[in-house]
Amino acid sequence: MILGDENNNKQNKKTNGAIKPVELEAIELELDRTYEKNIRPKTFDDYIGQNSIKETLKITIEAAKKRNVQLDHILLYGPPGLGKTTLANIIANECNVSIKITSAPALERPRDIIGILMSLKEGEILFIDEIHRLNKIAEEILYPAMEDYTIDLTTGKSQTVKTMRVPVQKFTLIGATTKAGALSGPLRDRFGVIHRLEFYTNEELSRVIKRSAKILNIKINDEGADEIAKRARCTPRIANRLIKRASDWALVKGDGIITKQTASDALDALNIDKEGLDTTDRELLSLIIKNYNGGPVGVETLAVALGEDIRTVEDVVEPYLLQAGFLNRTQRGRCVTQKAYEHLGINKNKNGQMGLF
Ligand code: ADP
């Protein structure tokens, strides 16, 4: 148990020994955070893959140090779980400065963004996740702050309204987004450095898995790590989650070591197939095939039919299906590829009718 006993005793006292589901959830969340914190790389050397981004960032950081100027604002974009937050923490570490982490939905009111800007210490990094979701007012407050470290404060009402320009400390904004295209032009233009994170290769993911397993004292052999890597959607966050499940399986059903067989059995039990697709992925593909004759079909229609939020479909489900060649995005909507038919074992006849392979 990673959580201190003191905490557990408190929970038990409140509920006469029985832990309420909501409290259980909180404990699990805390365990997840501790787990995340332990395995998150802290230096560029620990950060696997994304080599060209790392090299360019190292040079940008070094140059800023040599010139004795504040590091340029940085925009990182790419699907969730590829390491944007991790990279922001590493940059702060390399620059020897602290980092304040927030996300756009937490900056709804002008006073939220003003408060955080005014609280920044000299040289500090401000990390805003999901930056494409910033509202117009928050964006406009950010512009002068990003350009010349000032913010415009307004006081008074209607005719007596006055604007005061006040300084804030020099800082670097690191914005992260899953959708660079959704960022407004003026905001995007204010970032001096823009990087797109790539999906990881199986070999890189295998290294991520072995590194995390070592930190967490989980026994795994090379073939076990390769098997998890193949099914982790090219994404470190997913790979790290799957190690936990495979480790549980190895402990209960095997001899505690994650081998190719235990990894494969654990992932089969989770309905994650050989290509790393889960139930939602397969549902999405077969929905397009069965109801829309392979596509094109609009993403809104797909989200409703799947009972998923459109953002989840666009940001979480689709990117890997596109990358792995199961789906194409066209102007008229989404279409499945021949690979999707083959993977699901559905035969597409010339006249568009379906049969089993
Ligand atoms: P994002 O901000 O892009 O959603 P995170 O930075 O939160 O992704 O990364 C998710 C998890 O994956 C982190 O906990 C970290 O441990 C792991 N991770 C991400 N990138 C790497 C990497 N390059 N090397 C090793 N582990 C990584």
May I ask you to work out the translational diffusion coefficient for segment 139-283 at 4 °C, viscosity 1.567 mPa s, via Stokes-Einstein with Rh from the Kirkwood sum over Cα pairs, reported in whole µm²/s? 69
Kirkwood hydrodynamic radius (Cα pairs, Å) of the chain? 23.3
Give me the distance in nm between label points sitting 7 Å out from Cα along the Cα-to-Cβ direction at residue 331 and residue 101, one decimal. 4.2
Taking amide hydrogens as modeled 1.01 Å from N in the peptide plane, which residues meet the under 5 Å criterion relative to residue 150, leaving out close sequence neighbours? 145, 168
Based on the inverse mean of 1/r over its pairs of different Cα atoms, what is the Kirkwood hydrodynamic radius of segment 249-357, in Å? 15.1
Quick calc, residue 164 & residue 68: beta-carbon distance into FRET formula, R0 30 Å, rounding 0.05, result 0.50
Scoring segment 95-239 by relative contact order with C-alpha pairs under 8 Å, at least six apart, yields a percentage of 20
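What is the extension gain from residue 137 to residue 153, computed as 0.36 nm multiplied by their sequence separation minus the C-alpha to C-alpha distance, in nm to one decimal? Walk me through the intermediate numbers first.
Working: separation 16, 0.36 × 16 = 5.76 nm, distance 1.22 nm.
Once the chain is fully extended between residue 137 and residue 153, it gains 4.5 nm.
Using a 1.4 angstrom probe on the protein heavy atoms only, could you order 257, 91 from most to least accessible area?
Solvent-accessible surface, decreasing: 257, 91.
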Taking 0.36 nm per residue of separation and subtracting the Cα-Cα distance, what length does fully extending residue 122 through residue 46 add? 24.6 nm
Per-residue [θ]222 nm for the chain (sum of -39500 (n - 2.57) over DSSP H runs n ≥ 4, rounded to 500): -15000 deg cm²/dmol
For residue 234, the accessible surface traced by a 1.4 Å probe with all protein chains present amounts, in square angstrom to the nearest 10, to 20
Would you compute the Debye intensity of segment 26-105 from its alpha-carbon atoms alone, equal scatterers and no solvent, and pass along log10 I(q)/I(0) at q = 0.25 Å⁻¹ to two decimals? -1.42
Quick one: how many lysine pairs does segment 216-357 have with C-alpha atoms less than 29 Å apart and a gap of 8 or more or different chains? Give me the count, please. 27
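Would you mind calculating the relative contact order of the chain from Cα pairs under 8 angstrom and at least 6 residues apart, reporting the percent as a whole number? Please list the in-between numbers first.
On the way: 507 pairs, mean separation 47.1, N = 357.
After rounding, I find 13 percent.
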Among 83-89, 119-125, 147-153, how do they line up by average Cβ neighbours within 10 Å per residue, starting with the highest? 83-89, 119-125, 147-153
Rounded to 5, percent antiparallel among DSSP beta bridges of the chain: 40
Provide the FRET efficiency to the nearest 0.05 for the residue 261-residue 201 pair, computing r from the beta carbons and using R0 = 30 Å. 0.80
Hey, if you drop one equal point scatterer on each alpha-carbon of segment 258-308 and run the Debye formula without solvent, what base-10 log of I(q)/I(0) do you get at q = 0.17, 0.26, 0.28, 0.32 Å⁻¹? -0.59, -0.92, -1.01, -1.16
Modelled FRET efficiency - R0 30 Å, residue 290 with residue 311, Cβ distances, 0.05 increments: 0.75
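The values are calculated or read from the model by the stated rules, or taken from the named source; none is laboratory data. Computed from a prediction, not measured in an experiment: that's the story for all the values here. Neighbour counts run over all protein chains shown; Cβ positions are idealised from the backbone, glycine included. For accessibility, only protein heavy atoms count, side chains too; no ligands or nucleic acids. Shrake-Rupley method; radii C 1.70, N 1.55, O 1.52, S 1.80 Å.
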